[in-house]
Structures are given as structure tokens and as C-alpha cells.
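Undergrad: Take a look at the following structure, please.
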Amino acid sequence: MALSNPAQANLLQERSQRFHPVESSAGIVAAQEAQAAAVGAQILREGGNAVDAAVAASFALAVTLPQAGNLGGGGFLLLWLPKRGTIETCAAAARGPQLPEAMNLGRGEAVALNFREKAPLAARPDLFLNADGTVNRRLALRSLLSTGVPGTVAGLSQVQRRYGCLSLAEVMQPAIRLADQGFVVGPELGASLRVAAPFLKNDPSSAAQFFKADGTPYRPGERLKQPLLAASLRCIAEQGASCFYRGRLAQAMVALMQAQGGLISLEDLERYQAPWMRPLQGELRGHPVLTMPPPSGGGATLLQLLKVLEPLQLQSTGLNSAATIHRMVEAMNLAYRDRNRLLGDPDQVAMPLDRLLSDRYAAAQRRRIRLDRHRPATELEAEALPVYGGTNTTHLSVVDRDGGLVTTTTTLNTAYGNGISVPGAGFLLNNEMDDFTAKPGAPNAYGLRQGSQNAIAPERRPLSSMTPTLVFHPDGRPLLATGSPGGSRIITTVLQVLLNRLVHGLNLASAVAETRIHSQLWPDQISTEQGLSPDTWSLLEQRGHQLQLRPAMGSANSAEVRYADDSEAKPVGSWGVADPRRPDAAAVPESP
């Protein structure tokens, strides 16, 4: 039968979507910096699994992405590895007894690792307050008082030891080489160093580390060598985390603290531990969703949002329509209200997580959403809660040839942390203490107004928005890994990637590239990237919203497992997406 409209035959063989992920016949690494992603892919080719690749790429990011990659910061990691069926890597998940915190899902196991920074023993609630009770933003962001006890080295070495196939020394060699021999500066780092020059040059060690002898920043195409950082990495590769927490690097950090009024002591470093944790589990359209528990406020807030939004049938109102954005924003404001008031470090504060994540509470939250009108932040803040009765972070995602998944987000908090490098060691320190509540109701660097649950206290971990997330097919097969940097916008970035992929039906690349919006209760406005039409903007204003055009949000570097068909348990490859918002990002395949 002849076609009535020949155009419908797609004679030009055009694809239905504008963006397409990088395809691999094996594993893939998607990261915010291309040379670090290539390091992870090379480790996969050398027989490493997703954990080996993630650890290698993370240490490489400490070299090639100094504004966020780090030794002196912290983060979270979530993994799933197979332990039954055909496994081509070392079957690390089946090695030894299962961790008590691990959970079984499909033919493998998943577990979360918390290597978030901790407040020093000498920290106190009024650490950043002036005599008149106001918050001293310089102390909170640009002093050694802003530095929490770092967790990155403890976390990466611990997950490598338990779940890696290769040795720590093997996976760290590429990072050591990049620091020692240097790497070519890309456009993103070149621009970042120019912007950060005024405050980085205030610290002699940072000035020597990141600028040429004449004081000018390295330009794109020039080679940046970091011999002091190479020596620190080599020490960690040879001695493990003990070099950082008890040995030469610990002594260097403590000497800096004592000389310049910081709080971190040798006892703080020796006491630091990165605990394994059981992931939080939710669901979206029948797909299990695993994410981080507190002190990541991101995971619980993400699952709240998914539970509130799924029954609202966003696929019917349409991707980024005014009606869809209105529903999302109203749900975001309610969820951020809970995040800011109720969440904190589970080791020190009680939280009503079961109630926050219950079907009953989600239904009550939906009833608070007016479909025709925005509810102002002042109105929501005045309500009694019914349950009672950094921007600079980096994210990477890995899939290995067995379908193993790792998603990890690490941070110094704001770009380059507090800008202070450890003399003789070549790495920057975080300003993560600003993620605590310096004063209830006073905004932090990301505009979040938080409560006393997140007050500064000795050995407490500050509440975070980092939201590394794994998604599975309804039958338990691994599907995708995602996450993002972006401060308080991390949660809503991850939310929109998941909704775009699983509700609106976009492929992974389109799901990541689509225009993003954000709202967090305070300030009472919608932040939006370029891409919303004037008509949509006007319709939202008619509902009572205020909108602000903002810079591009996040860097949701993501990876997805490929199968030949829905009946296959064994993957045939993977897809990876480097968020186009970051020019130096890349998804690098293990094999074409």
C-alpha cells in the first residue's frame, strides 16, 4: 500500500532526537574533565572494574580539575556490582562476606560510602559569627576556619581496597603522571583560573601552584605541571590513606593550621573514618532508584520529589511546559523546606526519614500544591511542619563491561575551596564548614536558609546537596548512573535528568542537555537557564512566579547500560554523556 504522505517514511533517515550519547561496546566513563575521563577508560581497558575506573578518574580530577577535584575535600559514592552470572572482571562483590550495609538488588549488591568532611573537635556553633551576631562571610569561605576534616583520600582508598580489581598504586599511576609531567590546560580551567586569580594569589602556595612565575594564569593549550601534588599522590599510592591522615601530609596540614589559626589537629585526622551506608531506595515508574542517605540531604529530597511528582502525570502536561514547571517548582519548595529544617548528620541528630519518604506524607504534600497559583515562600514557612506531633563540586559516572555502576560526587564546596593550599603538599583545602548553619535562617553561599539540625558541632558532618544516584530496570538489571555538581541545584538537576529520561522518554543525552529550572523556597523565585520560551515565562508569571535567568546549571555526567533486548541479562555495552554545559567534560568509551 502506497504511503499517503511520503515525508512520513523518513526518507532522509533522520533521528527523532537532537542529542545522542557516546556509545561503547564495553564500559564508559563520563566526567567533568576529558583527561580524567580518559584515565578511567584506560583503567577499564587494563582489566579494572567500575570502582577502579572511578577511583583512578577521581584522583586524576584532583590534578586536572583543581577547582573541584581534590585531595582536601570530601564526597559520596554509590556503587552496584554483579556477584552472580557471567562476570568478566574480578567479581569483587563476591569477594569476602557482604558488608552489613550492602543491599542485594538483581544479580548484584549495592552500597553507599560517606566520605563527607567533618567539623574539627575544636569547632563551635558561633564559629563564624561577628560580635553583633551577624555572619562573617570571609571567615566562612576564605579562612582556615572554613576547612572541615577532609574525607576524599579515606573514601577513595577504602572503596578501592574493598571493591576494586587492581591495586591502589596501579589506579593512581595515571594521576601521578599527569601531575608530574603536566597536562594541557583546557578552556574551562583556563577561564576559571583567570576568574579565581584575585583570591588564589592571596595564598603564596596557591599562587606558586597555579600561576606562572610572572603571575599570569595558564592559558588553554599550555602545560601545567604540579610536582608537589605528584609527590603527595605518590605518597598515598605507596602508603595508602595513612600518609594523609597520620604521615607526612597530616603533619603538613597541622603545621599550616597551627601557623595560621586553623582548627584541624592531628587527632582530628587520625579519628576520621568514612562509613559504609545502606542506600536510600525509592521508585520512579517501576524503576528502583538508589541514592545517598543523610548527611546527604540530596537523596532524601530527591526521593520526596519523585514520590510527590509521579502521580501528577507530567508526561501529559509536557516537557518544560508552564504547567509542568509550576508543579515541579511547588514540589521543590516544599521539599527544600523539609531539607533545610529537618535533615542533618544522622550520627548526631534525629530525623523523621520514614515519615518524610512515606506515601501518606507525599499525598499530603501534593494537596499543598495549588495547580493554578504559586504559594509564596513566606506562606510555606509560616506553616507548622506536619511531620512533627559546594558551587564547585564535580561528578563522574562509570559503567563497566559487566554492567557495574559507580556514581560519585566530590567537592571542595565553592571553586578552589578556601583558596589555601597546603605548603609543600600541592593540594587545596575545602571551605565545607560553610555548609553548616552558621546562624539559623541566615543564607549560606548557595542561598540556603537552614535550621539548627545542621548547626556546627564537633565531629559533625555538614548537610550536603550531593545526590549520586543509580537507577535500575524493574527486574533489577542496572540501568543508569547520574549525579551533578552545582551546590543546592544538584538535587533538582538530578531530578530533571530522571524525569526527562523515564517520564518524558528522552534518550540519556537529550535528558542531560534539556533546559533546567530550579527553585529552593528561598529566594522565592524560579532560576532558569536559557531555553524557556517567552510564552512559558509569561504563563508562569501569571501564576505568581518570579523568574530569573541564571548561568547554566550543573554538570550531570551520566552513563547507561546497553542491552540487546529486554530479555537479556548480560549487557552488550554502554552509553555515556558528558554534560555540554562544561566545555572540558567528556564521555570516553572503553572500546568503540
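The values are calculated or read from the model by the stated rules, or taken from the named source; none is laboratory data. The structure displayed is predicted, hence computed values, not measured ones. Please note: Cβ atoms are built from the backbone with ideal geometry, for glycine as well, and neighbour counts cover all protein chains shown. Ligands, DNA and RNA are excluded from the accessible area calculation, which covers all protein heavy atoms including side chains. Shrake-Rupley method; radii C 1.70, N 1.55, O 1.52, S 1.80 Å.
Undergrad: What is the calculated FRET efficiency for E383 to D180, with r their C-beta to C-beta distance and R₀ = 56 Å, to the nearest 0.05? Mind dumping the intermediate values first?
TA: Values: r = 57 Å, r/R0 = 1.02.
Taking R0 as 56 Å, the efficiency between E383 and D180 is 0.45.
Undergrad: Restricting the count to DSSP beta bridges whose residues both fall in the chain, what percent are antiparallel, rounded to a multiple of 5?
TA: Details: 66 of 71 bridges.
For the chain, the DSSP antiparallel bridge percentage is about 95.
Undergrad: Can you tell me which of 303-312, 95-104, 33-42, 426-435 comes out highest on packing, and rank the rest after it, using the mean Cβ neighbours within 10 Å? Please report the intermediate quantities before stating the final value.
TA: Values: 303-312: 21.9, 95-104: 13.1, 33-42: 25.9, 426-435: 29.2.
Ranking the peptides 303-312, 95-104, 33-42, 426-435 by packing returns 426-435, 33-42, 303-312, 95-104.
Undergrad: Relative contact order for region 481-592 using alpha-carbon pairs under 8 Å, separation at least 6, rounded to a whole percent? Intermediate values should be presented prior to the final figure.
TA: Working: 168 pairs, mean separation 29.0, N = 112.
Answer for region 481-592 is 26 percent.
Undergrad: While we're here: For W537, what accessible area in Å² do you get when you roll a 1.4 Å probe over the heavy atoms of the protein chains, rounding to the nearest 10?
TA: For W537, the solvent-accessible surface is approximately 70 Å².
Undergrad: Can you give the convex hull volume of the alpha carbon atoms of region 224-292 per residue, in Å³? Mind dumping the intermediate values first?
TA: On the way: hull volume 12.8 nm³, N = 69.
Cα convex hull per residue, to the nearest whole number: 186 Å³.
Undergrad: Residues of region 335-359 with the amide nitrogen closer than 15 Å to a label point 7 Å from the Cα of R278, along Cα-to-Cβ, please.
TA: Once the point is set 7 Å along Cα→Cβ of R278, 353-355 turn out to lie under 15 Å by backbone N, inside region 335-359.
Undergrad: Roll a 1.4 Å probe over the protein chains and send me the accessible area per residue for region 452-592 in Å². Walk me through the numbers before you get to the answer.
TA: Values: 4350 Å² over 141 residues.
Value for region 452-592: 31 Å² per residue.
Undergrad: Run the 1.4 Å probe and let me know the accessible area of C235, rounded to the nearest 10 Å².
TA: Rounded to the nearest 10, the figure is 10 Å².
Undergrad: Alpha carbons only, please: Rg and Dmax for region 132-263, in angstrom.
TA: My reading of the Cα-based Rg and Dmax gives 17.1, 55 Å.
Undergrad: While we're on this one: Hey, could you grab the Kirkwood Rh for region 301-412? Inverse mean 1/r over distinct alpha carbon pairs, Å, one decimal.
TA: On the way: mean 1/r = 0.0611 Å⁻¹.
Radius from the Kirkwood sum: 16.4 Å.
Undergrad: Please compute the per residue accessible area over region 69-170 with all protein chains in place, 1.4 Å probe, rounded to a whole number of Å². Write out the running numbers ahead of the final one.
TA: Working: 3410 Å² over 102 residues.
Using a 1.4 Å probe on heavy atoms only, each residue of region 69-170 averages 33 Å².
Undergrad: Still on this model: Near K83, which lysines are there with a Cα under 28 Å away, not counting those fewer than 8 places off in the same chain?
TA: Of all the lysines, those that pass the test against K83 - Cα under 28 Å, at least 8 places apart if same chain - are K570.
Undergrad: Before rounding to the nearest 500, sum -39500 (n - 2.57) across all DSSP H runs of length at least 4 in the chain and divide by the residue total; then give [θ] at 222 nm in deg cm²/dmol. Intermediate results must be reported in sequence, preceding the final value.
TA: Details: 20 runs with 197 residues, N = 592.
Theoretical 222 nm ellipticity from helices: -9500 deg cm²/dmol.
Undergrad: May I pose another question? Around A552, with a cut-off of 11 angstrom between Cβ atoms, what is the net charge of the other residues, counting Lys and Arg +1 and Asp and Glu -1? Write down the numbers at each step before the final one.
TA: Numbers: positive: R489, R516, R550, R581, R582; negative: E529, D579.
Net charge around A552: +3.
Undergrad: What is the magnitude of the charge dipole of region 12-84 about its Cα centre, with +1 placed on the Cβ of each Lys and Arg, -1 on the Cβ of each Asp and Glu, and no other charges, expressed in debye to the nearest 20? Walk me through the intermediate numbers first.
TA: Numbers: 5 positive and 5 negative charges, 47 e Å.
Taking the Cα centre of region 12-84 as origin, the dipole is about 220 debye.
Undergrad: Something else about it: Cα atoms only, the chain: Rg and Dmax in Å?
TA: 23.0, 85
Undergrad: Roughly how many debye, to the nearest 20, is the charge dipole of region 210-340 about its Cα centre, given +1 on each Lys and Arg Cβ, -1 on each Asp and Glu Cβ, and no other charges? Walk me through the intermediate numbers first.
TA: Details: 14 positive and 10 negative charges, 53 e Å.
That gives region 210-340 a dipole magnitude of about 260 debye.
Undergrad: Which order do you get for R373, R337 if you rank them by accessible area with a 1.4 Å probe, largest at the top? The partial results should precede the final answer.
TA: Working: R373 100, R337 0 Å².
The ranking, largest first, comes out as R373, R337.
Undergrad: Please list E23, E459 from largest to smallest accessible area, probe radius 1.4 Å, with all protein chains kept in place.
TA: Values: E23 105, E459 45 Å².
My answer, sorted largest first, is E23, E459.
Undergrad: Looking at region 475-515 from every direction and averaging, what is the projected area of its Cα convex hull in nm²?
TA: Details: hull surface 13.2 nm².
Convex hull of Cα atoms, orientation-averaged projection: 3.3 nm².
Undergrad: If you don't mind, another one. Let's test the formula: R0 of 56 Å, r as the Cβ-Cβ distance of D475 and L539. What FRET efficiency results, to the nearest 0.05? Working shown, then result.
TA: Numbers: r = 40 Å, r/R0 = 0.71.
Here the calculated transfer efficiency is 0.90.
Undergrad: If I compute solvent accessible area with a 1.4 Å probe over the protein chains, what percent of it on region 36-131 is carbon and sulfur?
TA: Working: 1350 of 2570 Å².
After summing per-atom areas, the C and S share lands at 53 percent.
Undergrad: Compute, for R543, the solvent-accessible surface of its heavy atoms (probe 1.4 Å) with the complete set of protein chains present, and express it in square angstrom to the nearest 10.
TA: 50 Å²
Undergrad: Turning to a different aspect of this structure: When the label point is put 7 Å from the Cα of V572 along its Cα-to-beta-carbon vector, which residues of region 82-118 have a backbone N closer than 19 Å?
TA: 86-88
Undergrad: With θ taken as phi - 60° and the coefficients 6.51, -1.76 and 1.60, list the Karplus ³J(HN,Hα) couplings across region 324-331 in order, rounded to whole Hz; mark glycine and proline as x.
TA: So the J values, rounded to whole Hz, are 5, 4, 4, 4, 5, 5, 5, 5.
Undergrad: Over what distance in Å are the Cα centres of region 502-518 and region 526-568 separated?
TA: Spelled out, the Cα-based centre of one part sits 7 Å from the other.
Undergrad: How large is the accessible surface per residue of region 223-360, computed with a 1.4 Å probe and reported in Å² as a whole number? Please list the in-between numbers first.
TA: Values: 5160 Å² over 138 residues.
With the other protein chains kept in place, region 223-360 gives 37 Å² per residue.
Undergrad: Can I ask one more? How large is the direction-averaged shadow of the alpha-carbon convex hull of region 163-206, in nm²?
TA: On the way: hull surface 20.0 nm².
It is 5.0 nm².
Undergrad: Extending each Cα 7 Å along its Cβ direction at K212 and A122, get the distance between those two points in nm, one decimal.
TA: Taking the two extended label points, one gets 4.0 nm.
Undergrad: I87: net charge of surrounding residues, Cβ under 12 Å, Lys/Arg +1, Asp/Glu -1, itself excluded?
TA: Working: positive: K83, R84, R95, R107, R401, K570; negative: E88, D400, D402.
Charge balance in the 12 Å sphere: +3.
Undergrad: Would you list which aspartates and glutamates come within 19 Å of K225, measuring only between C-alpha atoms, while excluding same-chain residues fewer than 8 positions from it?
TA: Of all the aspartates and glutamates, those that pass the test against K225 - Cα under 19 Å, at least 8 places apart if same chain - are E33, D180, E188, D203, D214, D584.
Undergrad: Additional query: Could you state the number of Å between the C-alpha centres of region 311-378 and region 165-203?
TA: 39 Å
Undergrad: Let me ask something else about it. Between Rg and the Kirkwood Rh of region 9-140, both from Cα atoms, what is the Rg to Rh ratio? Each step should come with its number before you reach the end.
TA: On the way: Rg = 21.6 Å, Rh = 18.9 Å.
Ratio of gyration radius to Kirkwood radius: 1.14.
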